[in-house]
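Peer 1: Quick one: the structure is below, and I'll ask about it shortly.
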Amino acid sequence: MSDAADHPFLGRQGVLDREQRLFAYELLFRNGTRNAADVTDGVQATATVIANAFSELGVEAALGDCHGFINVDEPFFQRHARTAA
């Protein structure tokens, strides 16, 4: 039996349109099987969501045919704006 740490985790919160139809998912950081997050480093949590959604799980598995949103905090933008320039 494999350890839970060996598997990527990702939470999804549905985002509805005005007619209450599913429009998108907000992708959320999860670090285990519990439906909650224990975030000690926001930048690392955001990077983990991106990696899990785009590499580990794949966009199709994470979002299906819906749009996706990821919360990104200011330190994440600042760190990656410097490396992209």
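Just so it is clear, none of the values below were taken in a lab; they were calculated from the coordinates. Just so it is clear, the model here is predicted, and its values are computed rather than measured. Positions of Cβ are generated from backbone atoms using ideal geometry, with glycine treated the same way; all protein chains shown enter the neighbour counts.
Peer 1: On the basis of being exposed (fewer than 14 other Cβ atoms within 10 Å of the Cβ), within 13 Å of the chain's Cα centre (by Cα) and either small (Gly, Ala, Ser) or not in a loop (DSSP other than H, G, I, E, B) (or both), does residue 13 make the cut? Let's see the steps before the verdict.
Peer 2: On the way: exposed (fewer than 14 other Cβ atoms within 10 Å of the Cβ): yes; within 13 Å of the chain's Cα centre (by Cα): yes; either small (Gly, Ala, Ser) or not in a loop (DSSP other than H, G, I, E, B) (or both): yes.
Yes: the conditions hold for residue 13.
Peer 1: Sticking with this one: Which residues, taken from segment 58-77, are under 20 Å from residue 21 (Cβ atoms) and of a type in the set (Phe, Trp, Tyr)?
Peer 2: 69
Table: residues versus (1) surrounded by 14 or more Cβ atoms within 10 Å (Cβ to Cβ); (2) in contact (Cβ under 8 Å) with a residue 24 or more places away in the chain; (3) among the aromatic types (Phe, Trp, Tyr).
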position	(1), (2), (3)
17	no, no, no
29	yes, no, yes
41	no, no, no
49	yes, yes, no
52	yes, yes, no
57	yes, yes, no
70	yes, yes, no
